[in-house]
Amino acid sequence: MAVAGLGTGIALPGTDELLPVGSGVVCKSLIGETDLAFVPPFAPDLEVHKCKIIGEARIEKEVQVRGDTTERVALRTEFRGQRWFPANESYHVTARFVPYDQPKSVAIPNVLGSSYQEKSPGYALFTLQGWQLRLEPVIDDKELFFIFRDQTAAKETYGAGRFLYTEMPRDGKIELDFNKAENPPCAFTPYATCPLPPKQNILPIRIEAGELAPAVAVEHTQPSQ
């Protein structure tokens with residue numbers, strides 16, 4: 001997707017310098033419900049942080065360069081694959097889905113310390129380990145997208161939380177299979193910007209199912225403001 005008015009590059013604030021479109025840039029839009037606008041080809045080491053699209057004509061604020069070639073190569077060569085808990089059928093539960101009268105706007109924090117608004121169609125109610133639990137998803141394409149954290153976080157599993165996708169509700173029910181819980185991209189690279197669980201999705205129990213934390217820890221630093 002090209003951004004109108006940019007010609008062959010992205011203008012860096014306060015300078016006449018252009019960042020070539022071919023470098024790959026991600027711009028986080030502050031307009032409406034739009035989350036990310038991509039200028040292809042996408043390269044995850046370059047990110048426009050807290051940028052602003054004005055009439056789809058130009059990009060303001062700062063370009064945040066995250067990482068260099070040496071760091072990216074190290075991440076690839078040190079990657080040891082994904083690790084998972086043994087499959088456990090007790091973590092596959094049927095939940096009752098309670099829809100809102102109208103989709104509810106929820107604040108989703110991210111690893112950069114900011115947040116954005118997403119629409120939630122309702123919430124899931126289920127019983128696990130004798131606990132009555134509730135999780136609130138947002139919609140991702142045609143699926144429910146749960147961003148959650150449990151009491152294995154920062155121990156066996158990735159500290160920031162995990163993702164779980166499910167099909168849309170049928171007859172007021174959904175299937176939550178925590179064996180399919182997966183790490184966000186931020187578990188593997190410091191150059192990704194990932195959502196974090198909202199406070200209502202922090203569970204008081206251990207979910208010993210799904211993906212484990214990577215063997216090699218990844219450290220994230222806050223970008224300069």
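Sort 90, 115 so the one with the fewest other Cβ atoms within 10 Å of its own Cβ comes first. Please list the in-between numbers first.
Details: 90 11, 115 14.
Fewest-to-most Cβ neighbours within 10 Å comes out as 90, 115.
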Checklist entry - For the range 89-201, what is the charge dipole size about the Cα centre, in debye to the nearest 20, if Lys and Arg each add +1 at the Cβ and Asp and Glu each add -1 at the Cβ? => result 300
Item to check | Karplus-derived HN-Hα couplings along the range 89-94 (A = 6.51, B = -1.76, C = 1.60, θ = phi - 60°), whole Hz, x at Gly and Pro | outcome: 5, 5, 9, 10, 10, 9
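Using Cβ contacts closer than 10 Å as the measure, can you line up 144, 133 from fewest to most?
Working: 144 23, 133 19.
Taking fewest neighbouring Cβ atoms as first place, the list is 133, 144.
Could you please rank 173, 142, placing first whichever residue has the fewest other Cβ atoms within 10 Å of its Cβ?
Values: 173 12, 142 7.
Listed from fewest to most nearby Cβ atoms, that is 142, 173.
Laboratory data are not the source of any read-out in this text; all were calculated from the coordinates shown. Predicted model, so just to flag it, every value in this text is computed and none were measured. For neighbour counting, all protein chains shown are included, and Cβ atoms are generated from backbone atoms with ideal geometry for every residue, glycine included.
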